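Sharing a structure here in structure tokens format.
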Amino acid sequence: MMKNNILLRDIMTRGVTSVPVDLTLGEVAKIMVNQNVSGVAVTDHNGEIMGFITEMDMLQVVVNKSLLDKTAEAIMTTSLQSISPSTDVKTAASVMLDADVHRLIILSEQGMGASDRPVGILCASDIIRQLTM
């Protein structure tokens with residue numbers, strides 16, 4: 001059974017794949033396939049997260065091929081749910097439920113290097129996996 005005191009830093013996926021905001025969606029698709037990821041963080045020139053693109057977002061490109069030459073900014077989701085790596089799993093699950101999202105971006109904490117940088121991602125499946133441990 002899942003322990004209540006598990007922190008996100010202990011179960012998050014580290015090394016978020018990110019793309020620059022001005023990268024074309026055709027290039028974003030290639031990165032997602034080559035990195036075998038279901039989503040990428042979109043960052044500005046300082047590395048701060050601006051948005052996120054998921055596989056579901058990329059389906060827009062399948063429907064409208066003219067988007068291939070548009071930049072990541074054209075379809076990125078900007079209303080992101082982010083959380084600290086020192087948050088416990090139960091709190092993260094509540095945030096996901098309240099916001100009706102399947103993933104949370106884990107941002108670096110203040111005082112731990114540059115803040116507001118994606119350092120990890122937490123998917124609902126990461127939390128569910130903890131139920132079996």
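The values are calculated or read from the model by the stated rules, or taken from the named source; none is laboratory data. The model shown is predicted, which means the values in this text are computed figures rather than measured ones. Methodologically, a virtual Cβ is constructed for each residue, glycine included, from the backbone with ideal geometry; neighbour enumeration extends over all protein chains shown.
Based on this model, can you work out whether K70 counts as touching a helix residue (DSSP H, G or I) at 6+ places or on another chain (Cβ under 7 Å), among the basic types (K, R) and over 22 Å from R129 (Cα atoms)?
Criteria met by K70.
Among the residues that make up region 65-72, is at least one of them polar (S, T, N, Q), over 23 Å from P20 (Cα atoms) and out of contact with any strand residue (DSSP E or B) (no Cβ under 9 Å at 6 or more places or on another chain)?
No - not one qualifying residue is present in region 65-72.
Please go through region 1-48 and give me each residue that is aliphatic (A, V, I, L, M) and either in a loop (DSSP other than H, G, I, E, B) or in contact with a Lys or Arg (Cβ under 7 Å, 6 or more places away or on another chain) (or both), ordered by number.
Taking region 1-48 and keeping what is aliphatic (A, V, I, L, M), we get 1-2, 6-8, 11-12, 16, 19, 21, 23, 25, 28-29, 31-33, 37, 40-42.
The answer is M1, M2, I6, M12, V16, V21, L23, L25, V37.
Taking into account only those residues within region 81-119 that are buried (at least 16 other Cβ atoms within 10 Å of the Cβ), small (G, A, S) and at pLDDT 90 or above, which is farthest from E48 (Cα to Cα)?
Applying the filter and picking the extreme gives A93.
Now a separate question. Return a yes/no flag: does region 121-133 have any residue that is in contact with a His (Cβ under 7 Å, 6 or more places away or on another chain) and assigned to a helix (DSSP H, G or I). Write out each step before concluding.
Initial filter on region 121-133 (in contact with a His (Cβ under 7 Å, 6 or more places away or on another chain)): 123-124.
Imposing the further condition that a residue be assigned to a helix (DSSP H, G or I) reduces the set to 124.
Looking through region 121-133, at least one residue is in contact with a His (Cβ under 7 Å, 6 or more places away or on another chain) and assigned to a helix (DSSP H, G or I).
Only one of S79, S94, S84 is of a type in the set (S, T, N, Q), touching a residue at least 60 places away in the same chain (Cβ under 8 Å) and closer than 25 Å to S125 by Cβ; which? Show your work before the answer.
On the way: S79 fails: touching a residue at least 60 places away in the same chain (Cβ under 8 Å); S94 fails: touching a residue at least 60 places away in the same chain (Cβ under 8 Å).
Every option except S84 fails the conditions.
Going by what's in this entry, would L7 be described as modelled with pLDDT of 95 or more and more than 18 Å from S79 (Cβ to Cβ)? Even if it seems obvious, please write down each step before you answer.
Working: modelled with pLDDT of 95 or more: no; more than 18 Å from S79 (Cβ to Cβ): yes.
So L7 does not fit the description; no.
To keep it simple, each residue is scored yes or no on (1) over 12 Å from the mean Cα position of the chain (by Cα); (2) buried (at least 16 other Cβ atoms within 10 Å of the Cβ); (3) at pLDDT 90 or above; (4) among the polar types (S, T, N, Q).
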residue	(1), (2), (3), (4)
V28	yes, yes, yes, no
N36	yes, no, yes, yes
V42	no, yes, yes, no
E48	yes, no, no, no
T54	no, yes, yes, yes
K65	yes, no, yes, no
L68	yes, no, yes, no
T71	yes, yes, yes, yes
